[in-house]
1. List the helices (runs of 4 or more DSSP H) that sit entirely inside the range 366-446 and contain at least 1 residues that are modelled with pLDDT of 90 or more and small (Gly, Ala, Ser).
2. Evaluate the range 961-982: report whether one residue or more is modelled with pLDDT under 75, open to solvent by less than 30 Å² (accessible area, probe 1.4 Å), β-branched (Val, Ile, Thr) and part of a helix (DSSP H, G or I).
3. Look at Val429 and say whether it is on the phi < 0 side of the Ramachandran plot and open to solvent by less than 10 Å² (accessible area, probe 1.4 Å).
4. Take the range 291-347 and flag every residue that is without any contact (Cβ under 8 Å) to a residue 24 or more places away in the chain and open to solvent by less than 30 Å² (accessible area, probe 1.4 Å).
5. Among residues belonging to the range 161-183 that are polar (S, T, N, Q) and under 35 Å from the mean Cα position of the chain (by Cα), point out the one that is surrounded by the most Cβ atoms within 10 Å (Cβ to Cβ).
6. Among the numbered conditions (1) assigned to a helix (DSSP H, G or I); (2) charged (D, E, K, R); (3) surrounded by 19 or more Cβ atoms within 10 Å (Cβ to Cβ), tell me where Glu45 comes up short.
7. Regarding Val385, is this residue out of contact with any Ser or Thr (no Cβ under 6 Å at 6 or more places or on another chain), free of Cβ contacts under 8 Å to residues at least 12 places away in the same chain and among the hydrophobic types (A, V, I, L, M, F, W, C)?
Amino acid sequence: MASKLIQTSPYEAKNQTELSLRQAFEFLEPRLRPPFPLTIPNPQEYLQLNQAILYGVLVEPHFAKTHIKHLHAIVRDGYSSFVNFIIKVVKELYIKLIDTVKIQLIWVTKEMIDVSAIGVNDLLVFLLRQIIAGDFSDDNLWLCFEVVSIFWAKWDCLLEIEPMILTSALYTYLRLLSDHCRLFDNKRLDAIRQLEIKFCVRVLKEQFHLCLRIGRDLIRLLQDLVHVPEFRALWKDLVFNPNEFRTPEFSDISQLYCKRTSSRYFLLRITPEMEAQLRFLLTHVKLGNQKRHQAWFAKKFLCVPERETLITDIVRFICCCHHPPNEIIQSEVIPRWAVLGWLLKSCTKNFIEAKVKLALFYDWLFFDEKIDNIMNIEPAMLLMVHSMSRYIDVTHTLLEFLFLLVDNYDVERKDLLVKGVSSSFNILVQRGVIPSLDVVISCDALSPFLKERLGNFLSGFKVEISKELHPLHLPHQFATPLSLQTLSCIETLKPSQNGQQPTCTMVGGSAKKSFDASSLISDGLDASCSPLVVTAENPFDALENAVQRFGEAVKKSTTIGLKALKELLLLVNVEDQTVTRGSTFPDVLSSKIAEVYESSGYKLFAPLESHDNQDYDDEIESPTSVVIRYFMYAQHERMQEMLLFWSRNGSPVGARLLLYASRLAYEAEMAGCTLDETVAGKSINRSDSSMLLLAFHADEYHTFLNNRREDSHENIQLCSKMDKKLISKLVVGAFAAYRCFLVHLRNISLKDSDISLTKLLFSDLLLCCGWESKRLKNLVCSVFSHLSDLSAGDENFIRLLVNKLDNNALIDMHFQLGLKRFSMFGEGTETISNLIKNSLTWDCLEQHKFWGLIRSELAVSNVQVEKVVLDFFSSSELDANASSTAVGGLLTLCTCRAPTPELVGAVMLLPNNAFQDFAATVLSTWVVSYRSMLFDSLAEFAEKLGKTGEFVMSSSGGIMINHSAILCGSLHNSFLSTKKLSVISGCNAKPSVPAVPVLDDSSLVNNRKTPIAEILLKSEEIKCAHIVGDFSSQGPNTLIYLRCWSLMQLLQKVRVKCNDDDTIGDLKKLVAAQTGTRADKIRIQKWYNIYKDHITLKDYEIHDGMGLELYYN
């Protein structure tokens, strides 16, 4: 069956990417049609569903919107999986895609930008890479126009989610414009050209601070466009008026000259297929066999004259992106300079040849050993040297062009150019790329003018090479140390005996082989080894030697390699700044370490996936864990820079640090060591298998300290027990190191993106969730415990938690919150109120889980729940359906809290909205659980309310009492069907208080505007349901003044006169006469003892300080 996705030939094998997408679609097609199933897919099903939806979007345009809505409904990873599948299609299948599929690809890319999908910046990068320079076919121009339209239309969104992608687009379209502006007579290019110009000018004018990140190659691209009026004005401002760009850090164009361009920009102009072919050529093809590979490459990618401009991009890629390791350099694989020579000879137009030479020498002009890579300038030097035998014209043209650049590229800044080129020659000799410049100057075939010019140019400095030879320490170079006697392949160039041509001499043991190096460019028949393995020894650089030992050790065994890595990192952590110069700067050193391990099949800071081998633990004894531990122990600045380098190159460094610290905290908790247990005398057993990382971390910490101490007698001895104080310190230090990494990542790598530490933490947590679902609960607990200022009260963290944790883990979280081991919501009522309002848009299951967590924490916290309740019910629009789950959660929260005057007052004052029975339900629950506290709180609320003046029960003005709280006395066995009296003596009651008319329920309903002041007595010291008695010493018939409060009469205060020889029945009649309640309906008791009607007050020993309770039967 013909593919609906790609164009295939009958003899062509099935593409695995297309096959997996199609099979997923066919298997899940019934589930892709509405109504969609409500089941939650497992991780494997989720990935398969993403594949099926992507295939549906691409091959079914009429159902595309339906598929995208389905994706929105099921997405749980920020669209990361979906975007990764799109990237795979673009990278592997784009050139084969059917036209309609390409249209859908652009459409779905826009959709992913709209939802700020994770990885959408990488998707845009791969789309940019599919645009081929010099290709004026309809398909290529269509893609060029569509992609720049995306950047123009989605400007604000891209600037917010990933501003650096704009610099990638700028680099791409500046390069494409140099081709498009050469063909002004091509009408097809008019619309594309105008939009490209508008976009590039906008980026340069509005986001110039981002453009500075591109570096010196931005100038190289702009120089090709100075004939375009829009760019001519920008160029003048760039050179003569830099203040026009309103960028404080930019004051002169020389600042751009001195900034090296990242290799990722050069990759933008090489398609993924072209990159794969070039890397294969430079990695696997032997010298002498390259001819047919070069012919095939030229036929496929340089087939039309217009594509010849692509050679410039290929040259920059080979010089700046492809840096082969020493194993390749010393092998028979074709060297880079030979491929560059072939490309240079392939140029048929003079202006293209000039651009290629500029691309070859551009880093020479501004070379600085501290920031530039010697591998960028090495191919040009070797090309000049190796061409002297048969292709002296190549050497002539290259040297002439180099001197022409020095003299004319920027006359006002010629000193900078001279310094750069001089530094280039100097470092090439010092590092042994060539043994001496005499190799060039003494060549008889070289023009006398160039000899003189080169001699004069180099007269200001003197370079030498030591007799003792050592491997060159370059990025991606890890060679075994070689002595002069054991060198198996060292090449030197010297003039031949007849003075005509230089020859290469191979020294290997006692055998010598001389050959002519002249044919390497054309046919590559006589192979030679690169001289890059020769350099001058630097006896003061101990770190360089450690790098050499490290490269050897990794090849021998994993254990020896880890030991060498620890020695290397220990040197990095020393305070002496002199050990980080040249190739041992943090970025270069990080690149070396990563390259060594990648060559052995291990990737530093790889995602922590589950392994089939149960004995394997990447957090215990692995290169990644060693780097993490040494950073946590010292938090040295150079270690931070190394971690930032790996992070900038796409490694999830932050996520691995967070996962390591959280596991450390969990194992410390399992050992019974919490943050407040810092008594040095306590210790824990280290033999528990559940504390493997903790024990290993502590052991390594002791070793780290011992290695940094000079006196051996101060070494710390390991023991079978671990001190709890030390463990607490290590856990706190681990999270402090992670926080330090986040701060530096934001301040250095992301300083222009205005991203918060909370967002960085959440992105790391999101990555961890995809790796370790089993440890997610422990991870979340440690984040809220140790990084509460970044996580507490944040909606993203809480929603992720309720989505990812299962019921068992959530119950354990409830226990943790109830024990106050950490806080998820904080103590700010405003934050909690915002969380509750935002949760109304969540699905029902998420809301129920959310309210379970918030109830567990707020039930034992000091948060003012009354403010949260009032704020929620006072919302202008409270939808009965959308808010039902939240109201249920608040109801449970209020009933599990003890009634306080503030909380009771808030319930009494709730507005009469769709949930008007809420107040009555809460009060009814409290009357069963907290009778005494409720009445005390109600009395205090009434007192405060009465002191504020006149209030009404309607919403016409003043404070409105909730109707359900007033009328709930009519409910069966409800709270307001109870009257409570409490007898407390010792208060000085006044002799008389006017009685208040009794209001029944109907009068309350019909007279909604009756002032509360007519119902409430203006009281002094109203206490909830009090009967106050004052016993004097005037004899046996002492009067007892009783003051009562009846809820049926809305906080009525009554004073009753009685004697101590009155019976309980008499007391009931006196109370009934004042309150209007039938005496036989009144029950007086103390606690659970019900007082009998025929017994007197004196017999019951009612005296000062006793309290009596009155209930309505």
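The values are calculated or read from the model by the stated rules, or taken from the named source; none is laboratory data. Predicted model only: the values in this text are computed from it and were never measured. Glycine also receives a Cβ, built like all others from the backbone with ideal geometry; neighbour counts cover every protein chain displayed. When the accessible area is computed, the model is the full protein with side chains, heavy atoms only, and any ligands, DNA or RNA have been set aside. Shrake-Rupley method; radii C 1.70, N 1.55, O 1.52, S 1.80 Å.
1. So the answer is 378-386, 414-430.
2. yes
3. Yes: the conditions hold for Val429.
4. Phe297
5. So the first thing to find is which residues in the range 161-183 are polar (S, T, N, Q), and the list is 167-168, 172, 178.
Narrowing the set further to residues that are under 35 Å from the mean Cα position of the chain (by Cα) leaves 167-168, 172.
Working: Thr167: 22, Ser168: 22, Thr172: 26.
Looking at the filtered set, the residue picked out is Thr172.
6. Status for Glu45: all satisfied but (3).
7. Values: out of contact with any Ser or Thr (no Cβ under 6 Å at 6 or more places or on another chain): yes; free of Cβ contacts under 8 Å to residues at least 12 places away in the same chain: no; among the hydrophobic types (A, V, I, L, M, F, W, C): yes.
It is false that Val385 is out of contact with any Ser or Thr (no Cβ under 6 Å at 6 or more places or on another chain), free of Cβ contacts under 8 Å to residues at least 12 places away in the same chain and among the hydrophobic types (A, V, I, L, M, F, W, C).
This table checks each residue for (1) farther than 21 Å from His323 by Cβ; (2) modelled with pLDDT of 80 or more.
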{"position": "Ala536", "(1), (2)": "no, no"}
{"position": "Glu552", "(1), (2)": "no, no"}
{"position": "Thr559", "(1), (2)": "yes, yes"}
{"position": "Leu562", "(1), (2)": "yes, yes"}
{"position": "Leu569", "(1), (2)": "yes, yes"}
{"position": "Val596", "(1), (2)": "no, yes"}
